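A.B. asks: Take this structure first; my questions come after.
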């Protein structure tokens, strides 16, 4: 484990945890949170009418984001080393950065989301992806598997 904590991966963990908590807020507080966070009127109405779909989709997102936070904490040396650490951190950074710049291709699949939602969420993904990418790059030698 590194002696100097990786501030970029710590920021990645914090920002990803905040994103998970915001999504959890949608589950707990319902349709108004879905609307406020820009998930689209259809998701808000489904939540309002008690359908399972928004809760399941949002729960999966919360779980994934919390898992990503754990990987960032592991890469920062704050918790035990998790399996496939370098690969997973690279994958997380890639997913977030691709989501940040590739949102124009996603818009047609989610017509209920506003342009503001796409711009804000893409900006957040860009910042988080940069935290993961820079943090992983800085920790790369430390993350190398010691074979001896």
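A.B. asks: So which pairs qualify, if the first residue must be in the stretch 87-108 and modelled with pLDDT under 95, the second must be in a helix (DSSP H, G or I), the Cβ gap must be under 7 Å, and the two must be at least 6 apart or on different chains?
C.D. replies: Here the result reads 103/118; 103/122; 107/118, each pair linking the stretch 87-108 to a residue that is in a helix (DSSP H, G or I).
A.B. asks: Ok, one more. Scan the stretch 35-54 for residues that are in a helix (DSSP H, G or I) and either over 17 Å from residue 19 (Cβ atoms) or touching a residue at least 40 places away in the same chain (Cβ under 8 Å) (or both) and report the count.
C.D. replies: 10
A.B. asks: Criterion first (farther than 16 Å from residue 128 by Cβ, within 11 Å of the chain's Cα centre (by Cα) and free of Cβ contacts under 8 Å to residues at least 60 places away in the same chain) does residue 63 satisfy it?
C.D. replies: Spelling it out, residue 63 is indeed farther than 16 Å from residue 128 by Cβ, within 11 Å of the chain's Cα centre (by Cα) and free of Cβ contacts under 8 Å to residues at least 60 places away in the same chain.
A.B. asks: Look at residue 82 and say whether it is surrounded by 17 or more Cβ atoms within 10 Å (Cβ to Cβ) and on the phi < 0 side of the Ramachandran plot. Full working, then the answer.
C.D. replies: Numbers: surrounded by 17 or more Cβ atoms within 10 Å (Cβ to Cβ): no; on the phi < 0 side of the Ramachandran plot: yes.
Here the answer is no, as residue 82 does not meet what is asked.
A.B. asks: Does at least one position in the stretch 17-34 carry a residue that is surrounded by fewer than 14 Cβ atoms within 10 Å (Cβ to Cβ), touching a residue at least 12 places away in the same chain (Cβ under 8 Å), more than 18 Å from residue 130 (Cβ to Cβ) and in contact with a helix residue (DSSP H, G or I) (Cβ under 9 Å, 6 or more places away or on another chain)?
C.D. replies: Scanning the stretch 17-34, I find at least one residue that is surrounded by fewer than 14 Cβ atoms within 10 Å (Cβ to Cβ), touching a residue at least 12 places away in the same chain (Cβ under 8 Å), more than 18 Å from residue 130 (Cβ to Cβ) and in contact with a helix residue (DSSP H, G or I) (Cβ under 9 Å, 6 or more places away or on another chain), so the answer is yes.
A.B. asks: Among the residues of the stretch 86-144, count how many are assigned to a loop (DSSP other than H, G, I, E, B), in contact with a helix residue (DSSP H, G or I) (Cβ under 8 Å, 6 or more places away or on another chain) and surrounded by fewer than 18 Cβ atoms within 10 Å (Cβ to Cβ).
C.D. replies: Qualifying residue count, the stretch 86-144: 2.
The values are calculated or read from the model by the stated rules, or taken from the named source; none is laboratory data. Being a predicted model, the structure only gives us computed values, none of them experimental. When we count neighbours, we look across all protein chains shown, and the Cβ atoms used for this are built from the backbone with ideal geometry, even at glycine.
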